[in-house]
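Read the structure below first, then the notes.
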Amino acid sequence: MKRREFITLVGGAAAAWPLAARAQQGAMPVIGFLDSRSPEALADRLRAFRRGLKEANLVEGENVTIVYLWAENQLDRLPALAAELVRRKVGVIVVSGGPAVTAAAKAATSTIPVIFGTAEDPVRLGFVASLARPGGNLTGINFLNRELATKQLELLRELVPKATRLAALVNPANAAVHESVLREVELGARALGLQVEVLNAGTSREIDAAFATLVRGRCDALFVAADAFFNSRRLQLSLLAMRHAVPAIYSGREFAEAGGLITYGSDITDAYHQIGIYSGRVLKGARPADLPVVQSTKLELVINHQTARTLGLTVPDKLLVAADEVIE
């Protein structure tokens with residue numbers, strides 16, 4: 001059976017959840033988990049989320065049910081998926097995978113609690129009134145991945161000191177969000193004496209095309225913007241960077257685990273753990289309006305030393321010492 005057929009089958013079975021089964025579960029609370037990607041992209045993060053739930057003595061399948069809905073990188077499906085969770089009358093909706101997911105949940109309900117994880121400023125995006133007092137039915141975790149471009153470029157430059165041309169890969173579906181990132185990239189690149197070529201990709205085929213452009217333009221290094229779609233395509237990105245011998249920096253450790261050269265960004269696994277904690281607190285009776293948005297400040301630097309050697313790069317000792325993890 002093909003994976004997509006399996007997911008469709010599971011989704012259909014969940015949609016037809018019989019009344020008898022609901023009666024047997026009694027008062028078991030239900031969490032709706034909505035993400036823009038596919039399930040295999042979030043295995044480690046889901047484990048961390050469940051650990052957070054366990055801190056509230058909630059264990060999936062024992063005393064809490066989790067309904068998972070996946071948009072499979074098709075953002076136009078999000079409103080319907082969010083509406084489906086509202087129809088099922090879940091106790092809390094957890095959203096991840098970009099601001100479009102949170103926006104869909106916010107539009108779908110003003111009463112069901114929504115717990116988000118976002119790399120954007122949730123106040124600027126209109127999700128909450130303030131970080132300290134969210135004020136509505138939304139709260140969650142704000143992690144710092146979109147404010148780190150300058151530091152990421154500095155780290156990349158230490159690995160490739162002779163670089164003069166930089167490619168910056170962004171997702172056009174998040175053009176408004178990435179506008180501030182591109183400004184920071186351009187400012188940081190200018191300070192380092194780098195020329196920047198901006199590349200857009202919102203599909204796997206466009207990622208291939210972006211690398212072809214990068215090679216033609218003889219770019220010396222690559223900056224990959226933090227983006228949920230890019231995270232789901234981390235293996236493709238890492239393999240292409242390796243195939244074309246392009247040193248690249250990414251925002252999440254999962255890229256380095258997939259063969260990417262270097263990553264610097266928030267500890268996203270920890271953020272999902274926090275999301276699980278908040279979900280448990282809400283199911284136990286806490287109001288999102290009274291739960292401050294958690295500012296995740298735990299950052300990590302991960303270097304894939306094997307990839308560096310394959311690319312013929314010497315990693316400075318100070319980077320090896322500073323790294324939270326060096327993959328050999």
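The values are calculated or read from the model by the stated rules, or taken from the named source; none is laboratory data. These numbers come from a predicted model, not from an experiment. A quick note on method: Cβ atoms are made from the backbone with ideal geometry, for glycine too, and the neighbour counts reach across all protein chains shown. Accessible surface areas use protein heavy atoms only, side chains included; no ligands, DNA or RNA. Shrake-Rupley method; radii C 1.70, N 1.55, O 1.52, S 1.80 Å.
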Which value in nm describes the separation of the simple spin-label points at Q195 and L319, placed 7 Å from the Cα toward the beta carbon?
-> 2.3 nm
Among S110, L320, A245 the positive-end extreme of the charge dipole of the chain (Cβ point charges) = S110
For an R0 of 35 angstrom, estimate the FRET efficiency from the Cβ-Cβ distance between T203 and K89 and round to the nearest 0.05.
-> 0.50
Can you list the HN-Hα couplings for the stretch 159-174, worked out from phi with the Karplus curve (6.51, -1.76, 1.60; θ = phi - 60°), rounded to whole Hz and with x for Gly and Pro?
-> 7, 10, x, 8, 5, 10, 10, 10, 9, 10, 9, 10, 9, x, 5, 10
How much accessible surface does D208 have with a 1.4 Å probe, in Å² rounded to 10?
-> 80 Å²
Quick one: angle between helix 204-216 and the longest Cα principal axis of the chain, in degrees between 0 and 90, rounded to 10, please.
-> 10 degrees
Selection from Q295, V64, P134, by position along the positive dipole direction of the chain (Cβ) | V64
Which cross-chain or sequence-distant (5 or more) residues have an amide H under 5 Å from the amide H of L301, H modelled 1.01 Å from N in plane?
-> D324, E325
Using θ = phi - 60° and the Karplus relation 6.51 cos²θ - 1.76 cosθ + 1.60, list the HN-Hα couplings for the stretch 56-61 in order, rounded to whole Hz, with x at every Gly or Pro.
-> 9, 6, 10, 10, 4, x
Relative contact order in percent for the chain (Cα pairs under 8 Å, 6+ apart) equals 20 percent
HN-Hα couplings for the stretch 311-318 via Karplus (6.51, -1.76, 1.60; θ = phi - 60°), in whole Hz with x for Gly/Pro, come out as 7, x, 9, 9, 7, x, 4, 5
Point-charge dipole on Cβ atoms (K/R +1, D/E -1) for the chain, about Cα centre, debye to 20 = 580 debye
Helix 43-54 sits at what angle to the longest principal axis of the chain, using alpha carbons and giving 0 to 90 degrees rounded to 10?
-> 40 degrees
Mind checking which of H178, G202, L192 is farthest towards the positive end of the stretch 155-222's charge dipole, using Cβ charges of +1 (Lys, Arg) and -1 (Asp, Glu) about the Cα centre?
-> L192
Residue separation times 0.36 nm, minus the C-alpha to C-alpha distance between A80 and L125: what's the value?
-> 14.1 nm
Assigned charges on the beta-carbon of Lys, Arg, Asp, Glu; the stretch 87-232 dipole about Cα centre (debye) = 400 debye
Could you give the semi-axes, largest first, of the ellipsoid that matches the stretch 178-300, computed as the square roots of 5 times the alpha carbon gyration tensor eigenvalues and rounded to whole Å?
-> 33, 17, 13
Summing -39500 (n - 2.57) over every DSSP H run of at least 4 residues in the chain and dividing by its residue count gives a helix-only mean residue ellipticity at 222 nm, to the nearest 500 deg cm²/dmol, of -12500 deg cm²/dmol
For the stretch 178-328, percent of DSSP beta bridges that are antiparallel (nearest 5) comes out at 40 percent
